[in-house]
1. Among what's in the range A:179-200 and is over 16 Å from A:Leu291 (Cα atoms) and surrounded by 13 or more Cβ atoms within 10 Å (Cβ to Cβ), pick the residue that is modelled with the lowest pLDDT.
2. Working only within the range A:203-220, note down all residues that are free of Cβ contacts under 8 Å to residues at least 12 places away in the same chain and surrounded by 13 or more Cβ atoms within 10 Å (Cβ to Cβ).
3. Of the residues A:Thr204, A:Thr142, which is touching an Asp or Glu at 6+ places or on another chain (Cβ under 6 Å) and farther than 26 Å from A:Gly106 by Cα?
4. Can you spot a residue in the range A:264-285 that is at the interface with chain B (Cβ under 8 Å from one of its Cβ atoms) and either over 12 Å from the mean Cα position of the chain (by Cα) or farther than 19 Å from A:Leu27 by Cβ (or both)?
5. Given the structure, is A:Leu113 closer than 26 Å to A:Trp147 by Cβ, touching a residue at least 40 places away in the same chain (Cβ under 8 Å) and surrounded by fewer than 22 Cβ atoms within 10 Å (Cβ to Cβ)?
6. Going through the range B:50-61 one residue at a time, which ones are in contact with a Leu (Cβ under 6 Å, 6 or more places away or on another chain) and either under 14 Å from B:Val300 (Cβ atoms) or surrounded by fewer than 22 Cβ atoms within 10 Å (Cβ to Cβ) (or both)?
7. If you check every pair at least six apart or on different chains, which have Cβ atoms under 7 Å apart with a residue in the range B:269-284 that is small (Gly, Ala, Ser) first and a residue that is buried (at least 19 other Cβ atoms within 10 Å of the Cβ) second?
8. Inside the range A:1-47, can you point out the residues that are of a type in the set (S, T, N, Q) and modelled with pLDDT of 85 or more?
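The values are calculated or read from the model by the stated rules, or taken from the named source; none is laboratory data. Just so we're clear, the structure is a prediction, and the values are computed from it rather than from any experiment. Here the Cβ positions follow ideal geometry from the backbone for every residue, glycine too, while neighbour counts run over all protein chains shown.
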Amino acid sequence: MHGFLRRLVGSQETGLVLVVVLVTLVLTLLAGTHADRRTGEIVNNFWNSFTLIQTATDASFFAIMAIGATVVIISGGIDLSVGSIYALAGVTMALVLRGAGPMSDGTTVLLGLATCVGVGLLCGLLNGALVVGLRVHPFIITLGTMWMLRGIAFVATKAESILVPPSLTAVAKASLGLGGGLYPVPMLCMLVLAILGTIYLTRTVMGRHIFAFGGNLEASRFAGLSLARIQLGVFAVSGLMAGIAAFLGASFYGSTSSGDAQGYELYVIASAVVGGASLIGGKGSALGAMLGALLIVLIRQSIRTLHFDANYEWIVIGCAIIIAVVVDQWSTRVTAKRLSRAADAPRAAA
Amino acid sequence: MSIRIARGLIALAALGAGVAACSRGSDTRPDTQAGAPSAAAKDDKITIAVIAKSSTNPVFLAARTGAEAAAKDLSAKHNITVEVLWLTPPQEDGQVQAQRIQQAVNDGADAILISCSDAGKVNGAINDAVDRGVAVMTFDSDAPQSKRFAYYGVDDLKTGQSTMAELAKLMNGKGKVAILAGNQNAPNLQRRVQGAKDEAAKYPGIQVVGAFNHIETPQDAAAEVVRVNNAYPDVRGWAMIGGWALFTQTLLTDLDPARIKVVAVDALPAELAYIEKGITPVLLAQPVYQWGYVGVQTIVDKLHFKKDVPQIIPMELVRVSKENLGEWARQLKAWGFNDVAASYLKM
């Protein structure tokens, strides 16, 4: 029990949770209040159910993609194409549903989900196959597919913004008994996927292999791991997550276009990095990715809630990312020194 | 453990420092304080969230100036407090706009004035806002299928037609022309392109070589013009359904007025040199300042004075040429544009 608590308190995620809680507290204290339009009740501008769920919803699309991106980053790779996969999966779903014509609500939702997930998975497998087959760095491959996949989405839609059937929106915006105006589905999906991602990375053989692959490529090779299969797998997971995020995003906002999620890959990678993923591989977690996305959205939200000049958003986010990475590297170095001292202590005593 | 806590505190301190560094000067802050009820609930105070497409586009900065001027004028004139909150995203993104709408509602705004980057993306958020008692009006780019109460802007199809009609007149109804089309996903621009093509079809001598999309920054737009001119050396005219490319100075030297004629929508200070040089004999100006001014005025009419306002409030284009260049320059100056060249003001 003591060991579990020690691990919990010392974990990377605990530090992030602490920061998220502190930012939330600061925002709540400084946000001010307003009278609710319908009830007349005085509510805090930040600490109210609408803003909290909206913040989590805004983070959920990044967070889900960031969980997939984290898996790639742990393996020592990078996936720049997640935003384009998101756009392609969304528009393909809309085109398939439009082509299929009227169906029952359940069939529409299932077909939509299957299309998004299928397209995401295929795009991920394509990335993986190109990285493995051509032996080119993932940065180059996914930079290329980022443009290709968005181009396909653009050509397929002829730049049209396509509405999705209302049954999809009804699912993504289901209030689940919370009342009108509160839509917790994307947030719940984010939580479920973060848990599944954590189980995948820490409790499955494939997850262990990914850490081994990213942590020490040569050792993994000598250990007889199937490196090609691991690389194919991580990109498949990343594509799959982008497909799921696309389904939720297109359904939630009610339309999709080839311009969707433009530039989101940078937010996604930033979320993973702020969440503790190391760009040199071997380190990261699904929960950290989710918390990283939440923190970035909270920073954006704080600028809005406190009514600072929104033009400073990018500067603040950029600074936060650099500081998070620098602090992370510093703590790694300090920990390594401490471990080294601890290892030397018995020898010195002898 | 101590390292983790230190990490958390440092990140928080960084956040605090970053936020503290932010200027408050250019944004209006509601006078709500922790623990005090918002004045937004009072009848004599109206908080309007303005969400344009992108805060890097000068036409929307003019709209912001107009909205803030209207808020000031109406507050003084009617002894009420009209407050404008600028919630425009840094770059075009319908999804972010939908999020900003939700945020404005959550923050207790009374009304929202929005130019939609992607109507499909914001329809749901607009409807939710209206359902929660917040009035929504659109300008520039409409969301006609939503529950917004009014739209103020030009007729985009007609704007495209007028642009091509002016160009055809300058080219005596013959020659190859190109259309500079902006963001391919913006429905209002798509309609303008359609209008330009429809109009070109009326002139048997006019041949449209293509409509060219680009990222809506001045540099990207100007680069696209140069690329197309190189690829189609026989192009003799440009119908620019937005003024992006003319916000640069580069085309003043890259385009030969004796060979190529340009007609463009918008007439902001940076574009006026093109009229003077004869490259762009005609600019079709949207009085973009009025987007903000008329928008805020209409919202106040509806919310405070309970007036019935029309669903569609048409904005008329202003034809700017050498004949009225001075007058237009003075108008821009009066609307708060400080970069109007002094030489035009004296005309």
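1. So the residue we want is A:Gly181.
2. Of everything in the range A:203-220, those that are free of Cβ contacts under 8 Å to residues at least 12 places away in the same chain and surrounded by 13 or more Cβ atoms within 10 Å (Cβ to Cβ) turn out to be A:Gly207, A:Arg208, A:Ser220.
3. On the way: A:Thr204 fails: touching an Asp or Glu at 6+ places or on another chain (Cβ under 6 Å).
Only one candidate qualifies: A:Thr142.
4. no
5. Numbers: closer than 26 Å to A:Trp147 by Cβ: no; touching a residue at least 40 places away in the same chain (Cβ under 8 Å): yes; surrounded by fewer than 22 Cβ atoms within 10 Å (Cβ to Cβ): yes.
Criteria not met by A:Leu113.
6. Applying the first criterion (in contact with a Leu (Cβ under 6 Å, 6 or more places away or on another chain)) to the range B:50-61 yields B:50-51, B:58.
If the condition is that a residue be in contact with a Leu (Cβ under 6 Å, 6 or more places away or on another chain) and either under 14 Å from B:Val300 (Cβ atoms) or surrounded by fewer than 22 Cβ atoms within 10 Å (Cβ to Cβ) (or both), then B:Val50, B:Pro58 are the ones that fit.
7. B:Ala270/B:Leu246; B:Ala270/B:Phe247
8. A:Thr24, A:Thr28, A:Thr33, A:Asn44, A:Asn45
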